[in-house]
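The values are calculated or read from the model by the stated rules, or taken from the named source; none is laboratory data. On a predicted model such as this, the values are computed, not experimentally measured, just so you know. No Cβ is skipped: glycine too gets one built from the backbone with ideal geometry, and neighbour counts run over all protein chains shown. The protein model used for the area step is the full one, side chains on, heavy atoms only, and it has no ligands, DNA or RNA in it. Shrake-Rupley method; radii C 1.70, N 1.55, O 1.52, S 1.80 Å.
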Amino acid sequence: MTNHSEAAGAPGTEQITLRNPSELAEALPYLLGFKPENSIVLVALHRGRFGGRVRLGIPERPGDWPSVAEEMAKCLISGCERKDGTPDGIVACLCRDPKTTETGRQIMERLQWLAQMLRLACGRLDVPVVEALCISDDHFWSYSCPVEECCPPDGTPLAASGTSVTAAAMTYAGIQVRRPLREVRARLMPWQTAAVPQQEHALDAAAMALVPRILAGAPRAEVADETLDLARRVWSRFGHRPTADDTLETDLRDDEQIAHDEAARLILGLQDRLTRDHAAEWMEGDEAPLALRLWRALARRCVGPYGEHAAAPLTLAGWVAWSLGDRVEAGEALDMALAADPRYVFARLLMEACSADLDPEPVRRSLRKTRDERGVTPSEANSERAVAGAGAGAGTGADACVNGDGAAGRKGAGSPGRPNAENSREPAEDRVTRALEAALRRRGSRRAGAGKGPSRAGAHAPRRPQGRRRVGRQGTRRDG
């Protein structure tokens with residue numbers, strides 16, 4: 001579920017009046033910053049002004065609709081109460097385009113029960129739904145208006161994109177609509193090309209090369225250094241500076257700059273939490289856009305049975321996008337990360353923080369502090385060699401990487417007075433998680449009983465079996 005407090009790019013000073021359902025339907029993409037597809041959207045109203053808003057994909061099973069309606073109503077209203085007070089009303093929009101031979105009117109009729117569930121859920125929290133719309137096939141229908149002259153049974157046509165008076169007013173106010181969500185997700189989806197078998201073979205080979213090293217006692221920091229050094233070398237080839245309109249061209253060029261074996265080594269290296277947290281330090285300045293392009297490219301390379309490995313690059317992509325102010329891509333990337341691995345803690349905390357409209361600066365501050373304590377500048381390529389050497393004889397990397405609990409005092413730990421690299425880094429490694437949890441507590445997002453909603457769904461579900469490749473992942477996989 002994604003929560004948006006204001007439209008993307010809105011200066012927040014201009015006032016635009018929406019007088020009827022038609023203008024509201026045309027303004028919805030501008031309120032969200034993107035055109036919603038297959039979405040439930042709830043928008044709060046405060047004394048005639050728009051407030052918080054939440055969006056969630058429409059579940060395919062109607063049996064899930066009542067619980068989803070309850071969760072969305074609670075999420076929006078509780079969020080508004082913390083920030084702006086209880087809303088005066090809510091606008092509900094159901095957006096879905098037809099498939100095959102289905103018509104927009106048939107979709108409207110099929111989703112009517114979902115609209116009623118949303119009305120009831122909001123009503124139980126003493127906030128009325130003042131308007132409920134269905135938007136499909138470039139038409140809209142109002143579930144709240146029974147007058148055929150106003151809202152005909154076949155729907156009211158929407159103005160062509162960008163041509164209405166509402167669109168002109170929004171554009172003049174500086175409010176922009178991003179590309180559709182399906183295009184955002186397409187940049188993060190695994191390949192479905194003829195190169196998939198080659199990438200899968202490279203992932204197999206990288207796993208078979210890395211696991212014996214770890215089991216033989218290779219220091220964890222040494223593997224982390226190699227992964228991060230390779231990441232810097234790869235993104236240094238990204239010479240093309242993208243514009244807003246050449247996303248496909250940029251992705252294709254970036255893919256061409258990464259060899260299959262390089263992508264495999266990076267994907268497997270990022271499964272280690274220490275490596276991932278140090279990679280998260282590339283979240284601002286000139287490094288952030290390059291890192292975001294690299295994380296997208298690696299997410300696209302998590303093919304076949306390695307789909308679960310995408311949780312790490314997707315979470316990093318979501319974090320960098322959020323740090324750069326792009327909450328739309330951040331929400332989609334984090335949602336995909338949790339779909340790949342529902343137990344990925346970093347993704348779950350980031351999703352909660354992003355949905356709660358928190359400022360990412362406390363997390364950035366924690367990452368800067370971690371980097372400064374290691375005496376690292378953002379551009380240093382060999383940032384941790386000294387620490388890696390100091391910890392080489394202080395315990396086995398196998399225990400460090402296989403054990404996912406991150407606890408000190410594991411088998412093979414260094415003697416007192418000479419902590420190994422793992423023990424010396426653990427407080428800094430956990431600092432980012434603690435910063436996120438503290439920020440969420442301050443906003444009241446982690447209330448008693450939290451953790452049973454959509455962001456935690458399936459958190460304790462068993463992992464999918466991975467067949468013969470399960471062994472290849474054992475030494476590098478850690479819960480986030």
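The relative contact order of segment 230-341, computed from alpha carbon pairs under 8 Å that lie at least 6 residues apart in sequence, is 24 percent.
For Arg241 and Lys83, FRET efficiency with R0 = 41 Å and r from the beta-carbon atoms, rounded to 0.05? The pair Lys83/Arg241 has a calculated efficiency of 0.65.
Given their separation in residues at 0.36 nm each and the Cα-Cα distance between them, Lys369 and Ala216 gain 51.8 nm when the chain is fully extended.
Peptides 43-50, 65-72, ordered by how many other C-beta atoms sit within 10 Å of their residues on average, highest first, read 65-72, 43-50.
Ordering of 226-238, 265-277 by packing is 265-277, 226-238, highest average first (other Cβ atoms within 10 Å, averaged per residue). Pairs of C-alpha atoms in segment 29-101 farther apart than 21 Å represent 30 percent of all such pairs. Segment 296-333 and segment 211-270 have Cα centres spaced 14 Å apart.
Here's the list of aspartates and glutamates a cross-link from Lys369 could span, going by alpha-carbon distance under 13 Å and ignoring same-chain residues fewer than 8 apart: Asp277, Glu281, Glu361, Glu429, Asp430. Sorted from greatest to least, the principal axis extents spanned by the alpha carbons of segment 334-377 come out as 36, 22, 12 Å.
Packing, as the average of other Cβ atoms within 10 Å across residues, places the peptides 125-135, 280-290 in the order 125-135, 280-290, highest first. Ellipsoid fit via the Cα gyration tensor, segment 252-322: semi-axes of 18, 15, 10 Å, each the root of five times an eigenvalue, largest first.
Remark: the Glu102-Arg434 segment gains 114.6 nm on full extension, using 0.36 nm per residue and subtracting the alpha carbon distance.
Ordered by 1.4 Å accessible area with all protein chains kept, Tyr344, Tyr30 run largest first as Tyr30, Tyr344. With the simple spin-label model, which puts each label point 7 Å out from Cα in the Cβ direction, the Ala186 to Leu252 separation comes to 1.2 nm.
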